[in-house]
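Participant: Just dropping this structure here.
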Amino acid sequence: MNEEVEERPPDGEFKIYRQPELRRITASLLANGAILVVGEEGSGKSVLRSAVIKKLSDDGFLVASVEPTTLKQMMTEICFCLDIPTETLQGKSLTIEKLKIAIADFFKENTAFLILDDAQNCNRKFRFWLKQLRRQRVPMLILATDPPRSDIFVKIPRIELRPLPEKAIREIMESAAIERAIALLPTDLSKLHQRSRGNPMLAIRAIEEEYLGLDFEGADNHRYFDITPFILVGGVIFVIMKFIRLGTSDQALYIFGGIAAAMVLGLFQLLYNLPQEKKRIR
């Protein structure tokens, strides 16, 4: 029986609690694949990104890691990471279109990886360009918080970062408490754990709040109350009203039932398009 072995980091480095995700991501990239990592703020996307960059760099690969800025700045940053010239022989800066061509040509002739963090904030033109790169099988890792259901985000497989288990969160809290010289009992950790809801950043923030003696008002993570069943029941009732009208010839009842049914369907579609979970960090 094979057991999951948690790798211990060298001194001074972050411990990576998401080893399975790290292995899946690197395996996909090495196979010229693309993968989307989705998670709420503070769930560990940036730590995971850093671990992927280190793993690939240690293996001798070139990695271009960028964050959302202007379109030209992002193109220029990719060129800088991959040592692609951004000027002509006469010293004139390349246009955005020429930068795109230079980057695409580089990926055709070299093995390198593209990593994009906070991709939901990127210019749509840049995301469309990513789709073009994927057509030539450029390996890329995209990380996002609550990405829209469009363009590159629906074109590639995704991994959703779930809340960390209690053991991992307690270790993060204990480490943060040691750094701040706070003595916490197991009962204290249990109480603080409720604030994090499996979120590493909120776990560290809970220790900071304890260290500063700040009052706790409520958790940051909360879900929408699902009223879909009530909407469906309402829709059924209005359909029944329409049938009643057929038997009673009540024109007003028919009109009211039709308008109400249209409103119910519209509301249902609106709620369906909302994210299932709302996350906020104060």
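The values are calculated or read from the model by the stated rules, or taken from the named source; none is laboratory data. These figures come from a predicted structure and were not determined experimentally. Quick note on the areas: whole protein, heavy atoms, side chains included, nothing else; ligands and nucleic acids left out. Shrake-Rupley method; radii C 1.70, N 1.55, O 1.52, S 1.80 Å.
Participant: For the pairs LYS54/LYS100; LYS15/LYS100; LYS131/LYS167, note any where the Cα-Cα span goes beyond 28 Å. Provide the component values of the computation, followed by the final result.
Facilitator: On the way: LYS54/LYS100 26 Å; LYS15/LYS100 36 Å; LYS131/LYS167 39 Å.
Distance filter (> 28 Å) returns LYS15/LYS100; LYS131/LYS167.
Participant: Oh, and also: Could you check how much of the accessible area of region 23-117 is carbon and sulfur, as a whole percent, using a 1.4 Å probe?
Facilitator: Working: 2530 of 4800 Å².
Ligands and nucleic acids excluded, carbon and sulfur reach 53 percent.
Participant: In Å, what Kirkwood hydrodynamic radius results for region 102-158 from the alpha-carbon pair distances?
Facilitator: Values: mean 1/r = 0.0847 Å⁻¹.
Value: 11.8 Å, from the Cα pair sum.
Participant: Take every DSSP beta bridge whose two residues both sit in region 33-170, then give the antiparallel share in percent to the nearest 5. Please list the in-between numbers first.
Facilitator: Details: 1 of 17 bridges.
Restricted to region 33-170, the bridges split so that about 5 percent are antiparallel.
Participant: Another question, if that's okay. Ordered by residue, what ³J(HN,Hα) values in Hz, to whole numbers, does region 200-206 give under the Karplus form 6.51 cos²θ - 1.76 cosθ + 1.60, where θ = phi - 60° and Gly and Pro are x?
Facilitator: Residue by residue, region 200-206 yields x, 5, 5, 5, 5, 5, 4 Hz.
Participant: Over all distinct Cα pairs, what is the inverse of the mean 1/r for region 113-196, reported as the Kirkwood hydrodynamic radius in Å? Spell out each step's value before the answer.
Facilitator: Numbers: mean 1/r = 0.0629 Å⁻¹.
Mean inverse Cα-Cα distance, inverted, gives 15.9 Å.
Participant: Determine the principal axes of the Cα atoms in region 23-103, then give the extent along each, sorted from largest to smallest and rounded to whole angstroms.
Facilitator: 44, 29, 19
Participant: If you don't mind, another one. Take the alpha-carbon positions of region 174-216, form their convex hull, and give its projected area averaged over all directions (one quarter of the hull surface) in nm².
Facilitator: Details: hull surface 10.9 nm².
Orientation-averaged projected area of the Cα hull: 2.7 nm².
Participant: For ILE159, list long-range residues whose amide hydrogen, built 1.01 Å from N in the peptide plane, is under 5 Å from its own amide hydrogen.
Facilitator: Residues meeting the amide H criterion: LEU36, VAL37, VAL38.
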